[in-house]
Amino acid sequence: MRLAEAKRAESSAVQAGRKLRDHLNRGLSGEIIQADFDRLELAVSDLDRRVLTSRDAQARCSAPAELAGEIERLRRRADAWRDYLQTSRRAEPGAQSEQLEALLREPGAR
């Protein structure tokens, strides 16, 4: 159940990232872009929290090895999103869009 919640949180982060990308590509105002970054940041925080909760639940689960790979993938995705937020929030729109596009193309993006 906790892993499913983390996967939904990942999907929300990807959805927020796509919205940000679309707004960047359309050249919308800085105010809208900052709101999109805030939305993405909230989604990534939720993903972080749910990954940690999944990891805690895994420790109590009867089959932790089966879940470990997916939890690790989700943790790496959360780290990638967090890195993007830290490096791109104040960057130029072209760089923001380029980095975001690369993140959304990664195999883990759903």
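Taken together, the values in this text are just the output of simple stated rules run on the coordinates, not laboratory data. It should be emphasised that the depicted structure is a prediction, and the values quoted were computed from it without experimental measurement. Every residue, glycine as well, gets a Cβ built from its backbone with ideal geometry; the counts of neighbours run over all protein chains shown.
Tabulated values for the structure
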| item | result |
| --- | --- |
| Hydrodynamic radius by Kirkwood, which averages 1/r over all alpha carbon pairs of the chain, in angstrom | 14.3 Å |
| Sparse-neighbour loop sites [trypsin sites (Lys or Arg not before Pro); the range 49-104; at most 16 other C-beta within 10 Å; DSSP] | 89, 90 |
| Label point distance in nm, residue 92-residue 61, each placed 7 Å from Cα along Cα→Cβ | 4.5 nm |
| Selection from 25, 95, 71, by position along the positive dipole direction of the chain (Cβ) | 71 |
| Estimated dipole of the chain in Debye, rounded to 20 [Cβ of Lys and Arg +1, of Asp and Glu -1, Cα centre] | 280 debye |
| Residues 14, 51, sorted so that the one with the fewest Cβ neighbours within 10 Å comes first | 14, 51 |
| Residues 53, 87 arranged by fewest to most Cβ contacts within 10 Å | 87, 53 |
| Added length on full extension, which subtracts the Cα-Cα distance from 0.36 nm per residue, residue 76 to residue 45 | 9.8 nm |
| Value of relative contact order over the chain, rounded to a whole percent, pairs C-alpha under 8 Å and six or more apart | 37 percent |
